[in-house]
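Contents: one structure, followed by commentary.
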Amino acid sequence: MNIRFARLGTLLLSFALIGAGCNVVPQVPCDTITGHGSCVSDGVDEALIGSWSLVSQQVFTPAGSITNPASGRTLNIAADGSYTEDYSTETMPDGTALSIVSHCDILGLLSGAYEVESNLDLDFDPPVDVAELHVVPNGGSPQVKCQADGIPITSNASTSPLGVGPVEGVPPYVLYTYTMDDAWSQVVITQTNTIVNLKNIYTFKRIN
């Protein structure tokens, strides 16, 4: 059934019930049902809505892979298509060199917009449904403040925020794909940068 006709039928039925004295909130059908069983409507995947803690960021290149030592930032995804990244919850292990211990604090509250889109990957037989996450950041970057024996040092050596990388599409966005478990408790967000042959993988666990 055409989605537009389905929506029209649902709305007409709701109006009829309201006219009969029933208190009904119209339900808009899903544009897409994901592989993890959630509803995507107007570019929002219901399974993504909520707060997520970064478990790890891994970067893969032809030369090898590396896991960022920092983790724990909070990704808040809203139902209105916006998101924030709170770096005040991100931590980094203390470092020791020449008996000097350094400690780092990470700060920053970043924001932006997102949209979910479902596409078929025709490289597989049968084709595989791929969930895409289109990210439009508002700009900014986290700040890392470190101290070694009381000497303050400022850097940007944190996990990289969403929305960093090559842009595509109109209007422009940064492209990610994502997968999620059936319990909606963990999401893996992947960025594939074919320009520099790099794959950036974030693993988040749900907070609420």
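Structure data summary
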| item | result |
| --- | --- |
| Filtered residue count, the range 38-71, keeping only those that are buried (at least 16 other Cβ atoms within 10 Å of the Cβ) and assigned to a loop (DSSP other than H, G, I, E, B) | 3 |
| Any chance residue 50 is at positive phi, at pLDDT 50 or above and touching a Gly at 6+ places or on another chain (Cβ under 7 Å) | no |
| Looking only at the range 147-174, and only at residues there that are of a type in the set (Gly, Ala, Ser) and modelled with pLDDT under 90, the one that is nearest to residue 204 (Cα to Cα) | 158 |
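The values are calculated or read from the model by the stated rules, or taken from the named source; none is laboratory data. Fair warning: this is a prediction, and the values are worked out from it, not measured in the lab. We place every Cβ from the backbone using ideal geometry, glycine too, and count neighbours over all the protein chains shown.
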